[in-house]
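Trainee: The structure follows.
The values are calculated or read from the model by the stated rules, or taken from the named source; none is laboratory data. Everything numeric in this text was worked out from a predicted model, so none of it was measured. Here Cβ is always computed from backbone atoms with ideal geometry, including for glycine, and neighbour counts include all displayed protein chains. When the accessible area is computed, the model is the full protein with side chains, heavy atoms only, and any ligands, DNA or RNA have been set aside. Shrake-Rupley method; radii C 1.70, N 1.55, O 1.52, S 1.80 Å.
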Amino acid sequence: MVTPRFSGLASFMRLPVLDPAEAADQVEIGLIGIPFDGATTGRPGARLGPRAVREASTGTRALNHATGVAPYVLAPCADLGDVPVNPVDTAETARRIEAFYRPLAEAGIVPLTVGGDHFITGPVLRALGAARPLGLIHIDAHSDTDDAQYGGSRLTHGTPFRRAVEAGVLDPRRCIQIGLRGSMDAADERDWALAQGMRILTMEEVCARGLPEVAAEARAVAGEGPTYLSFDIDALDPAFAPGTGTPEIGGFTTREALHLLRGLRGLDLVGADVVEVAPSLDPAGITALAGAGIAFEILCLLAERAAARA
């Protein structure tokens, strides 16, 4: 309340911007952009997601009215800038992402990432799960467990969780996917995930059971071990998030998404992301606004957990 939210440089949640190399002794939660959509198989534009979510997030305030969590009081937070991606080289970008996140993991900084297409989650998991496999709560319209797409490409936004399980950085028995719906390229993407022990809650099952039951099952699957939370904005119905590369009708409302996230309080979350915001596909900016609101809700989860660890 010193200067209006529409003034000054736009950073995530109006937080200070720090060089990651200087953040180790100052920050517990780092917000990071990965402006890359070179692995998307649908409509492009998510490379502009971090910038748009930064802009939209300047309207967020200091206190979560529903949970009472004041994240900046519970944990020191900062905007750590963007990963220096290579927009024309997916494999090189994967290496750069992993190299960016490994020192953060070693320093105990919990990353909250804004993408970028969902490919970016794979190398983040490789960095955070290097010491031990993680659990996963994955909220999305799509499973992202394809083996390959378009002539054998194995690094796309439709393959990150399959690659992460194969790399040993995800424990599939502690992975749950929530909100899946729509058509699929092939049955293998879902059959493979189920065969590994991953739990899938389709949108139809979510609607039949209700959000409290769904959140309870997510908590049970993730258990008490270290867990990563990944939220694809296309989990929302396109009425609430039209600016995304692969929209699917029949999804969550923004209100339902917030209630679902609040049901995950207390989990041992060691990182999270919000991905697939493509602002050029939504001139009204409601998708970026949704992304910023969801990122703040996740930040509250991370901050509450950071305070519990202290």
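Trainee: What are the residues whose amide H is under 5 Å from the amide H of residue 69, where those residues sit 5 or more places off or on another chain and H is modelled from the backbone?
Mentor: Residues meeting the criterion, in which the H sits 1.01 Å from N, are 64.
Trainee: Still on this structure: I'd like the Karplus ³J(HN,Hα) series for segment 31-42: coefficients 6.51, -1.76, 1.60, θ = phi - 60°, whole numbers in Hz, and an x wherever there's a Gly or Pro.
Mentor: Each residue's phi maps through the Karplus curve to give 8, 9, x, 10, x, 9, 9, x, 10, 6, 10, x Hz.
Trainee: A further question on this structure: Let me see the pair-distance distribution of segment 106-233: every alpha carbon pair, 10 Å bin width, integer percents in order.
Mentor: Percent of pairs per bin, in order: 13, 46, 34, 7, 0.
Trainee: Send over the Kirkwood Rh of segment 194-310, from the inverse of the averaged 1/r over different Cα pairs, rounded to one decimal Å.
Mentor: On the way: mean 1/r = 0.0666 Å⁻¹.
Evaluated over segment 194-310, this radius sits at 15.0 Å.
Trainee: Then there's this: Considering only protein heavy atoms, with the full assembly of protein chains and a 1.4 angstrom probe, order 294, 249 by accessible area, largest first.
Mentor: Details: 294 5, 249 140 Å².
Ranking 294, 249 by accessible area, largest first, yields 249, 294.
Trainee: Whole percent per 20 Å bin, from 0 to the bin with the longest distance: what is P(r) over all C-alpha pairs of the chain?
Mentor: Calculated P(r), rounded to whole percents: 37, 60, 3.
Trainee: So, one more: For the chain, set up a Gaussian network in which alpha carbons nearer than 10 Å are linked by springs, and say which option among 89, 140, 232 fluctuates the most.
Mentor: 89
Trainee: Here's something else I'd like to know. Using the membrane-span-like helix rule (whole DSSP H runs, Cα extent along the own axis of at least 18 Å, mean Kyte-Doolittle hydropathy at least -0.5), which helices of the chain qualify?
Mentor: Details: long enough: 90-107 (26 Å, -0.46); 286-309 (35 Å, 1.29).
Taking the DSSP H segments of the chain (at least 18 Å long, mean hydropathy at least -0.5), we get 90-107, 286-309.
Trainee: Then there is this: Could you work out how far apart the two model spin labels at residue 205 and residue 249 are, taking each label as a point 7 Å from the Cα in the direction of the beta carbon, and quote it in nm?
Mentor: Rounded to a tenth, the inter-label distance reads 2.5 nm.
Trainee: What fraction of the DSSP beta bridges in the chain is antiparallel, stated in percent and rounded to the nearest 5? Mind dumping the intermediate values first?
Mentor: Details: 1 of 36 bridges.
Around 5 percent of the beta bridges assigned by DSSP in the chain are antiparallel ones.
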